[in-house]
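**Student:** One structure, as structure tokens, below. Some questions next.
Any read-out appearing in this document is the output of simple, stated calculations on the displayed coordinates, not a laboratory observation. From a predicted model like this one, the values you see are computed outputs, not experimental measurements. Virtual Cβ from ideal backbone geometry, glycine too; neighbours counted across all protein chains shown.
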Number of protein chains: 2
Amino acid sequence: MKGLVVGAAGMIGRKLVERLARDGSLRDEPIEALHAVDIVAPSPGKTTFPIVCEAFDLAAPYVAPKLVAGRPDVVFLLASIVSGEAEADFDKGYAINLDGSRALLEAIRREYILSGGVYKPRLVFTSSIAVFGAPFPEAIGDEFFLTPLTSYGTQKAIVELLLADYSRRGFLDGVGIRLPTITVRPGAPNKAASGFFSGILREPLAGKEARLPVADSVCHWHASPRSAVGFLLHAATMDTRALGARRSLTMPGVAATVAEQIEALRQRAGERAVKLIRREPDTIVERIVAGWPSRFDASRAESLGFSAERTFAEILDAYIEDEHVHIDA
Amino acid sequence: MKGLVVGAAGMIGRKLVERLARDGSLRDEPIEALHAVDIVAPSPGKTTFPIVCEAFDLAAPYVAPKLVAGRPDVVFLLASIVSGEAEADFDKGYAINLDGSRALLEAIRREYILSGGVYKPRLVFTSSIAVFGAPFPEAIGDEFFLTPLTSYGTQKAIVELLLADYSRRGFLDGVGIRLPTITVRPGAPNKAASGFFSGILREPLAGKEARLPVADSVCHWHASPRSAVGFLLHAATMDTRALGARRSLTMPGVAATVAEQIEALRQRAGERAVKLIRREPDTIVERIVAGWPSRFDASRAESLGFSAERTFAEILDAYIEDEHVHIDA
């Protein structure tokens with residue numbers, strides 16, 4: 001099979017490519033070729049199959065048709081401007097998150113038409129829990145309506161609608177997965193408003209200070225990068241007939257307060273690490289986060305075979321293990 | 001105040017312009033000028049204020065900026081490819097219903113920026129109950145999630161999301177109204193899959209045969225053209241602070257089965273009229289209609305001052321009165 005990963009240089013994209021390289025196969029078929037693209041060229045490690053890594057801007061109209069011309073069997077659409085940046089730069093957010101995504105769907109439809117209706121790839125799209133907006137019920141089910149309170153959430157919700165319509169019309173076989181906030185993100189902080197949820201663990205574990213812009217009582221929905229890759233692979237391989245017309249699913253995760261996150265840190269790395277968290281309330285971040293949901297009923301996804309961690313301690317352990325974090329407690 | 005009606009040659013657009021001409025004012029202000037556009041030039045009757053009628057295709061990129069350049073205070077966005085045509089012609093439906101609408105929102109945002117944030121018109125957008133898709137609860141509330149089962153419904157749902165985001169960002173002051181099926185539509189049949197709901201009354205009242213493509217038990221959600229104009233005017237004048245972030249509302253209407261519609265016809269025009277209805281099942285129409293909802297909880301719209309007929313007989317009477325239908329029973 002041939003795969004395409006759009007957004008392969010991002011944190012989840014890199015981990016997805018690493019995993020595909022390790023597995024060497026997808027959907028019980030050996031990977032013949034992988035095309036990994038992003039706004040900067042991805043630089044994956046060794047693979048047993050040919051891999052082409054290229055830099056492209058999905059907002060440029062020539063790009064999507066070019067990416068799909070080779071008719072990949074599975075397309076992972078991960079590319080996204082993050083929430084904080086999409087809020088700060090209205091045009092850029094819409095150009096990438098909406099128009100870029102739509103261009104990719106449209107390019108697939110063109111290949112579908114050119115192929116006489118034979119070409120119909122699996123498209124895995126990473127949506128977000130930001131498609132939901134307050135006020136919320138106690139736990140948000142898959143049937144809760146989409147009222148995003150950010151431009152990012154709006155863009156994700158629109159692509160979910162497009163994904164459903166293109167799937168219904170038979171142009172592609174789409175699965176939208178609404179990722180929890182991915183915690184703990186390795187590497188440098190990004191511009192996501194949710195970045196601090198990782199920062200308050202990652203930085204102290206590295207002996208560095210971290211800023212906490214919200215109250216300890218803020219509750220949020222988390223899953224590890226390892227689980228995120230698991231979601232993507234399952235979405236690429238699952239039987240989509242069970243989805244019906246409702247193509248997007250809230251992924252399972254762990255609801256944890258900032259206080260519970262900090263407690264997990266204390267248990268693994270001690271009080272010295274916890275003391276590196278500096279409380280610096282930021283009203284802009286507080287306002288954005290207040291519009292986000294904190295607890296979900298992901299039973300539909302679970303019944304379809306998606307699984308994640310059960311406790312925040314497991315999430316922290318996945319980070320320590322996968323990133324080979326050394327703790328001198 | 002200055003008004004812009006996009007889609008002014010359509011059935012509802014014509015009736016809206018007639019009503020504005022009769023009232024001479026909107027939002028307690030005299031109408032200084034009205035710009036009425038559609039894919040064919042509208043031809044309204046006499047007005048006491050200057051009216052400019054022009055033919056434009058909203059899908060052409062130069063059009064939306066041109067329409068908004070005069071900074072109308074109230075914009076009515078009614079232009080739409082109907083459901084049947086949007087399903088038959090995927091490209092055309094998206095070009096008009098999504099891209100055309102978005103171009104208008106974007107043109108307003110450009111004027112907002114050019115004006116230094118001063119220009120912020122009321123935008124009234126006609127959405128549709130086709131934003132909802134089966135399976136449905138007994139009565140669909142405003143918080144039921146959007147899972148359209150047609151491309152038309154998808155396009156309307158996407159514009160609802162854009163309207164909410166553009167309103168939230170302060171670029172415009174948007175109200176989306178989800179119209180029931182408008183019954184009885186005067187004039188010639190259009191390409192809407194819902195056309196027969198009007199045809200089975202309008203044609204027999206004119207002594208002509210009408211085709212009924214679905215079962216008598218099919219239940220649907222109706223309001224008169226008179227109510228539709230009432231919704232538009234109320235959406236143009238209401239205090240939008242009560243809407244919060246949820247900018248689109250399901251309008252009130254009457255849930256009636258085809259059998260109940262026929263009974264209303266029998267009471268007003270007798271058995272001879274009813275005999276002109278020919279039952280001709282059409283599986284394509286049946287499938288589309290089966291995906292539509294039939295009963296709503298419009299209490300949010302009602303509490304915000306929107307009102308409609310209470311019985312299907314009232315809807316039929318509104319048609320007979322407004323269209324001066326002569327019945328020789």
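**Student:** If I fit a long axis through the Cα atoms of helix B:151-168 and take the longest principal axis of the Cα atoms of chain B, what angle between them do I get, 0 to 90°, rounded to 10?
**Tutor:** 30 degrees
**Student:** Next question, about the same structure. Label position 7 Å from Cα toward Cβ: report the copy-to-copy distances for A:THR48 in nm, one decimal, ordered from shortest.
**Tutor:** For A:THR48, the inter-copy label distances come out at 8.3 nm.
**Student:** Find, among the trypsin sites (Lys or Arg not before Pro) in segment A:249-328, those assigned to loop by DSSP (not H, G, I, E, B) with at most 12 other beta-carbon atoms within 10 angstrom.
**Tutor:** A:LYS275, A:ARG310
**Student:** In addition: Before rounding to the nearest 500, sum -39500 (n - 2.57) across all DSSP H runs of length at least 4 in chain A and divide by the residue total; then give [θ] at 222 nm in deg cm²/dmol.
**Tutor:** -11500 deg cm²/dmol
**Student:** Enumerate by residue number the GluC sites (Glu not before Pro) in segment A:98-166 meeting two conditions: DSSP loop (anything except H, G, I, E, B), and at most 11 other Cβ atoms within 10 Å of the site's Cβ. Intermediate results must be reported in sequence, preceding the final value.
**Tutor:** Details: sites: A:GLU106, A:GLU111, A:GLU138, A:GLU143, A:GLU160; in loops: A:GLU138, A:GLU143.
Sites meeting the loop and neighbour criteria: A:GLU138.
**Student:** Shifting gears a bit: Using a label point 7 angstrom from Cα along Cα-to-C-beta, what distances in nm, from shortest up, separate B:ASP328 from the other copies?
**Tutor:** In ascending order, 10.5 nm.
**Student:** Another question, if that's okay. I need the trypsin sites (Lys or Arg not before Pro) found in segment B:19-52, filtered to DSSP loop residues with at most 13 other beta carbons within 10 Å of theirs. Intermediate results must be reported in sequence, preceding the final value.
**Tutor:** On the way: sites: B:ARG19, B:ARG22, B:ARG27, B:LYS46; in loops: B:ARG27, B:LYS46.
Sites meeting the loop and neighbour criteria: B:LYS46.
**Student:** Ok, one more. Can you give the mean number of other chain Cβ atoms that lie within 10 Å of the Cβ atoms in peptide B:165-173?
**Tutor:** Partner Cβ neighbours, averaged per residue: 3.
**Student:** Using the Cα gyration tensor of segment A:271-323, with a ≥ b ≥ c the square roots of its eigenvalues, what is the shape: rounded (a/c below 1.5), prolate (a/b larger than b/c) or oblate (neither)?
**Tutor:** Since a/c reaches 1.5 but b/c is at least a/b, the shape of segment A:271-323 is classed as oblate.
**Student:** Also, quick follow-up: Using Cα springs under 10 Å in a Gaussian network model of chain B, which residue among B:LEU58, B:LEU104, B:LEU161 shows the largest mean-square fluctuation?
**Tutor:** It is B:LEU161.
**Student:** Per-residue mean of other chain beta-carbon atoms within 10 angstrom of the beta-carbon, peptide A:131-144? Spell out each step's value before the answer.
**Tutor:** On the way: counts 1, 1, 5, 2, 4, 0, 1, 0, 0, 0, 1, 1, 6, 3.
Per-residue shielding by partner chains comes out at 2.
**Student:** Taking the Cα-to-Cβ direction at A:LYS46 and at A:GLN267 and moving 7 Å from each Cα, how far apart do the two end points lie in nm?
**Tutor:** 3.8 nm
**Student:** Still on this model: Rounding to the nearest 10 and keeping the result within 0 to 90°, find how far the Cα-based axis of helix A:11-23 lies from the longest principal axis of chain A.
**Tutor:** For A:11-23 against chain A, the angle is about 60 degrees.
**Student:** What is the dipole size for segment B:148-250, taken about its Cα centre, with +1 at each Lys and Arg Cβ and -1 at each Asp and Glu Cβ, in debye to the nearest 20?
**Tutor:** On the way: 13 positive and 7 negative charges, 29 e Å.
The calculation lands at about 140 debye.
**Student:** Under a plain spin-label model, where a point goes 7 Å from the Cα along Cα-to-Cβ, how far apart in nm are B:ILE327 and A:GLU321?
**Tutor:** About 7.6 nm separates the two model spin labels.
**Student:** Another question about this same structure. Using 16 Å as the cut-off for backbone N distance, which residues of segment B:274-311 belong to the label zone defined by a point 7 Å from the Cα of B:ALA134 along Cα→Cβ?
**Tutor:** Those under the cut-off are B:282-296.
**Student:** Any idea how far apart A:LEU114 and B:GLU32 come out in nm if each label point goes 7 Å out from Cα toward Cβ?
**Tutor:** 5.3 nm
**Student:** Work out the length of the dipole vector of the protein assembly as shown about its Cα centre, built from +1 on the beta-carbon of each Lys and Arg and -1 on the beta-carbon of each Asp and Glu, and round it to the nearest 20 debye.
**Tutor:** The dipole of the protein assembly as shown has a size of about 580 debye.
**Student:** Which chain B residue hugs the B-A rotation axis most tightly by its Cβ, and what is that distance in angstrom, to the nearest whole number?
**Tutor:** Whole-Å result, nearest residue of chain B to the axis: B:PHE145, 2.
**Student:** Run down the lysines and flag those whose C-alpha is under 23 Å from the C-alpha of A:LYS120, throwing out any fewer than 8 positions away in its chain.
**Tutor:** Partners within reach: A:LYS2, A:LYS66, A:LYS156, B:LYS92.
**Student:** Placing the label point 7 Å from Cα along the Cα-to-Cβ direction, what are the distances from A:GLY270 to the equivalent spots in the other copies, shortest first, in nm to one decimal?
**Tutor:** For A:GLY270, the inter-copy label distances come out at 9.9 nm.
**Student:** By the gyration tensor of its Cα atoms, with a ≥ b ≥ c the square roots of the eigenvalues, what is the shape of segment B:63-221: rounded for a/c under 1.5, prolate for a/b over b/c, or oblate?
**Tutor:** Judged from the Cα gyration tensor, segment B:63-221 comes out prolate (a/c at least 1.5, a/b above b/c).
**Student:** Could you tell me whether segment B:252-300 comes out rounded, prolate or oblate from its Cα gyration tensor? Rule is a ≥ b ≥ c as square roots of the eigenvalues, rounded for a/c under 1.5, then prolate if a/b exceeds b/c, otherwise oblate.
**Tutor:** Oblate, because a/c is 1.5 or more while a/b does not exceed b/c.
**Student:** Determine the relative contact order of chain B: mean sequence separation of Cα pairs under 8 Å and six or more apart, normalised by residue count, in whole percent.
**Tutor:** About 17 percent, as a whole number.
**Student:** A further question on this structure: In degrees from 0 to 90, rounded to the nearest 10, what is the angle of the helix A:258-274 Cα long axis to the longest principal axis of chain A?
**Tutor:** Taking Cα atoms only, the helix is inclined about 60 degrees.
**Student:** Let me ask something additional. List the aspartates and glutamates whose Cα sits under 15 Å from the Cα of A:LYS208, skipping any in the same chain fewer than 8 residues away.
**Tutor:** Counting by Cα, and skipping residues close in sequence, A:LYS208 has these aspartates and glutamates nearby: A:GLU271, A:ASP328.
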